[in-house]
Amino acid sequence: MKKDYWILLLFIIVKFILQYSLVSPGYELHRDEYLHLDQANHLAWGYLSVPPVNSWLAWVIKILGNSIFWVKFFPALFGALTMALTWKVVEDLNGSLFAKILACLGILFSVLLRVNMLFQPTSLEIFLWLFLYYTLIKYFNSENVKWIYIGAVIFGIGILNKYNIAFSLLGLIPALLLTDQRKIFLQSHVYWAALLALIIVFPNLLWQYQNHFPVIHHMKELSEKQLVHVDRMGFMKSQLLFFIGVAFVMIAGWGALLLYKPFEKFKFFFWSYIITIALFLFFKAKDYYAIGLYPVYIAFGSVFLGYLFEKGWKRFLKPVSILIPILLFLPLYNVAFPNKSPEYIKFHQDQYKKFGLLRWEDGKDHPLPQDFADMQGWKELAQKVDKEYSRLSKSGNTMVLCDNYGQAGAVNYYSKAGVVAMSFNADYINWIDLSKKYKNVIRIKDASETGKELKESGSFFEMAKLYDSITNPYAREKGTAIFSLQGAKIDVNKRIQDEIDETKNEWK
């Protein structure tokens, strides 16, 4: 092993230590994680909101015991791999040891610490974006066509992980056409590689066709409910903040791609960034969709600054450059991560308010940041559902029907009573099991609908009551009601099936 690889190994060790220390034991998993973990129990070639790769990882986690350690391991692993590959990009660009260290610090102390906390497709997506760019660097450095095929495989896997990676290609193709590297399109291997990528993604395309392309429904819903609120100026501000410690490195990288002669054959990367960002702005994408763009530009900038700071008084800028990402990270360490208990945050509100971290999407300040509140109350919910489920199940089959995927996923993850919670929300609508004749229902609803639920559903059962609710004062789901409905007077299965049919007909 090369001597400087020991430094890379140290970075990787620090990365894992940080990822496991940034979440205090007082927090549970995030609501989104429960959905992704539950996909392991329903393996398919596609889902309503994501392609299948993350479900395969969830299946591996399930085989390994479904512990928190393994849930956190894979996003941390992909973050570490992103850092290691950035090091390799710098190496292939003939960067110095200083350039490698600067690039790794930029990746380590960045938004990836937040992204790599959660088990979602985003961590792998960022790594695959960089890997795709890496294959182009390798190809134009060597003109070995094997890298075209490797790039096709990476892109295919990327599509099966998260469709967002398609924007990388939408940015690359016109960028290549704008530069001398357009000659790659005269290479027949490009089209064979495209066919290979199509073969890889075909099972998911077939699944989409067989299920009436739910991705279109999902994108429409996303556009109407979330993307419509995206502020384009806010989007651009976030791009700077994601890698704030090495913002000067990225700027140097963009400049070097235009002016630094050794990077002349990679000029298309500059135009690729401009085009991809323009596409994200046009479609009013969420700011984090673009994170995968940046590691390669950090690598370019680090190599250029390594060359620039090599001689004279500029050598003294090396330690300054190394310190900047570390010093900018330190004040964020105490507020940007759930590494302080909810009680601590409650009694130190000012530290969080000045960064606007307590303001939720409802525009109001709350005791905890919204993401942190989404990591509270789930065990309590599962324990209370378990207790009532054990009682009701003695009198007949009992369905647990939740309002949203977070509730259903959390109950399924933490349940000790064998509960399989269901919902009409997200992918759960395809997983509702009507093979049993249900006599009882445990209904989990928003706190504001207590009276309405007892009035509407109570008449269909012999006994109906508000059994309990989530009482955790820090939970976003605080007040979520647990209704106990016993002795159905109607055909529960038929009513549920009618709801499923009505919802799916709206998608078509």
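Assorted remarks:
- No other residue among ASN54, ASN116, ASN94 is touching a residue at least 12 places away in the same chain (Cβ under 8 Å) and farther than 22 Å from PHE11 by Cβ apart from ASN54.
- Residue that is modelled with the highest pLDDT [pool: residues in the stretch 87-121 that are buried (at least 24 other Cβ atoms within 10 Å of the Cβ) and among the polar types (S, T, N, Q)]: ASN116
- Residues satisfying the stated conditions in the stretch 331-368, i.e. within 27 Å of GLY301 (Cβ to Cβ) and free of Cβ contacts under 8 Å to residues at least 12 places away in the same chain: PRO331, LEU332, TYR333
- The combined condition, being over 22 Å from PRO473 (Cβ atoms), of a type in the set (Gly, Ala, Ser) and in contact with a Lys or Arg (Cβ under 8 Å, 6 or more places away or on another chain), is not fulfilled by ALA299.
- When each of LEU381, LEU328, LEU323, LEU317 is tested for being touching a residue at least 60 places away in the same chain (Cβ under 8 Å), in a helix (DSSP H, G or I) and over 17 Å from LEU29 (Cβ atoms), the lone residue that passes is LEU328.
- Top-ranked residue in the stretch 331-346 [being part of a loop (DSSP other than H, G, I, E, B) and not aliphatic (A, V, I, L, M); ranked as nearest to PRO473 (Cα to Cα)]: SER341
- Failed criterion for LYS465 (all others in (1) basic (Lys, Arg); (2) out of contact with any helix residue (DSSP H, G or I) (no Cβ under 9 Å at 6 or more places or on another chain); (3) farther than 25 Å from ASN66 by Cα hold): (2)
- Any hit, the stretch 367-376, residues being among the polar types (S, T, N, Q), in a helix (DSSP H, G or I) and surrounded by fewer than 22 Cβ atoms within 10 Å (Cβ to Cβ): yes
- Given (1) at pLDDT 90 or above; (2) assigned to a loop (DSSP other than H, G, I, E, B); (3) more than 26 Å from the chain's Cα centre (by Cα), index of the condition SER484 fails: (2)
The values are calculated or read from the model by the stated rules, or taken from the named source; none is laboratory data. Being a predicted model, the structure only gives us computed values, none of them experimental. Cβ atoms come from the backbone with ideal geometry, glycine included; neighbour counts cover every protein chain shown.
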